[in-house]
Amino acid sequence: MNGNDILKAMNGLDEKFIMSASREHTVRQNRPKKLAVKLAVGIAAAMAFAIPAGAYAYNTFIHKENVEHIIKSSDELEGRKLITNAVTDDGELRFTVETVLYDGCQLYGVLTVENLTDSGIKYMSPDRLGYGITAVYADNGEFITNNCNTSVYFDGTEKYGENRQPILINTSDVDMSRGIKLLFHKHGETDNYYGYGTLTGQRDNNNVPIRFDCETEIPADKNIKSAKLKSADGRTITLSEYEIYCEPAAWSEDDYDGDIDETLDIRFIGADGEMIPLDSYYDLCYMGDHSYITFNELLDIDDYKGVVIKGVEYLK
C-alpha cells in the first residue's frame, strides 16, 4: 500500500459563484503589481467519494503549510476541528479540499492540487491546460454553476508539481440545505474556460462534451461566527471571522487599484471605540452586485463593534 492508497483508505472513515485567489496583501506598501495566472480548476477522474459535513478523517491537515499560506490560523482551525481533508484523484492529479468554512454568505476554503505522474504536470504549470470545477447540489446532482474557477498566483514558494489555492463560493442564490458537491475535470486541448449548459450533456464553448466522474462533497453547515452590521441609512454588511461581505457592494472597482489605499479607507471599530486600520488582508474583490475582503487569519469578531468603509460606519 502506497501513500496514495493510505489517503484513500483513511478518508473512507468516517452566480453566483466566484472563486478567486491572491497572495497576502499588506496595505499602503509600495510593491509591484501581482500577475495572476488563472488556471481553470477540475478533473475527469476515475474515483469518487464524499465526506459528509461534520465528519473528519484526520485531526490535522494533510498539507498544513498550504492552509497556513492562505489562512494563517491553521492551528486554530485544527483545534476547532474545521478540517475537511477530502481527497480524490484520477491517477494524474490529486485534489485535496483541506478545509471549508462557512459564514452564511460565502463558502471559503483551501484546495491543494498535486500531480501524481509526469503527465499530470501539464495541467498545473503557468500557461498549461489547467483544470476546472463545476458545483452541483449534493442531493440529486442538479447543476448550480460552472463559473467557479479559481485563480492561482505563483509566488515562488510553491512545491514543484503542487498548487495551493483558496475556494470561494458565493451562496446568495443557493439552497444550502441540499448540500454541495464539487465535480472536477481536466481541460483538454479545445476546452473553454467556462463552458455552458446543464450538468447532463454539459459542453464547453467549443461544443465539446465535458465528462464529470470525480466528485467531492464539501461541508455546507455554518461553522464560523458572523455578525450583521448596519449603517445609519439602513445598509447591511456581514463581518465574519474570515471576511467582510457586502451585498450590495460597498465599493466599486473605481475605489481601489487592486489594494486598499486612501481612496478605499477600511477600518475596524474596537469594542472601546478605537479606530483600527485594516493593515493586511488576503483578497479584495468587487463583483458588481457584491464586494468582499477575505482576511489572512481568523478574526475574533467579539473584539469589534463595527467597521468603517469609505467613511460610512456599520455597527452591530
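Restricting to the stretch 36-64, name every residue that is of a type in the set (D, E, K, R) and either modelled with pLDDT of 95 or more or over 18 Å from the mean Cα position of the chain (by Cα) (or both). Show your work before the answer.
Going residue by residue through the stretch 36-64, those that are of a type in the set (D, E, K, R) are 38, 64.
Of everything in the stretch 36-64, just one residue is of a type in the set (D, E, K, R) and either modelled with pLDDT of 95 or more or over 18 Å from the mean Cα position of the chain (by Cα) (or both), namely K64.
Return the pair list, or none, for Cβ contacts closer than 6 Å from residues in the stretch 123-141 that are at pLDDT 80 or above to residues that are surrounded by fewer than 19 Cβ atoms within 10 Å (Cβ to Cβ) and part of a helix (DSSP H, G or I), at least 6 apart or on different chains.
Every condition considered, the pairs that remain are Y137/R178; D139/R178.
For the stretch 270-315, give me each residue that is more than 21 Å from the chain's Cα centre (by Cα), surrounded by fewer than 17 Cβ atoms within 10 Å (Cβ to Cβ) and closer than 14 Å to P248 by Cβ.
Result: K310, V312.
Going by the structure shown, is D173 at pLDDT 90 or above, in the same structural domain as I71 (by TED's automatic domain parsing) and not aromatic (F, W, Y)? Spell out how you get there, then give the answer.
Values: at pLDDT 90 or above: yes; in the same structural domain as I71 (by TED's automatic domain parsing): yes; not aromatic (F, W, Y): yes.
Criteria met by D173.
So which residues in the stretch 94-122 are at pLDDT below 90 and not β-branched (V, I, T), if there are any at all?
Those that are at pLDDT below 90 and not β-branched (V, I, T): D118, S119, G120, K122.
The values are calculated or read from the model by the stated rules, or taken from the named source; none is laboratory data. Since the model is a prediction, treat every value here as computed from it, not as a measurement. For neighbour counting, all protein chains shown are included, and Cβ atoms are generated from backbone atoms with ideal geometry for every residue, glycine included.
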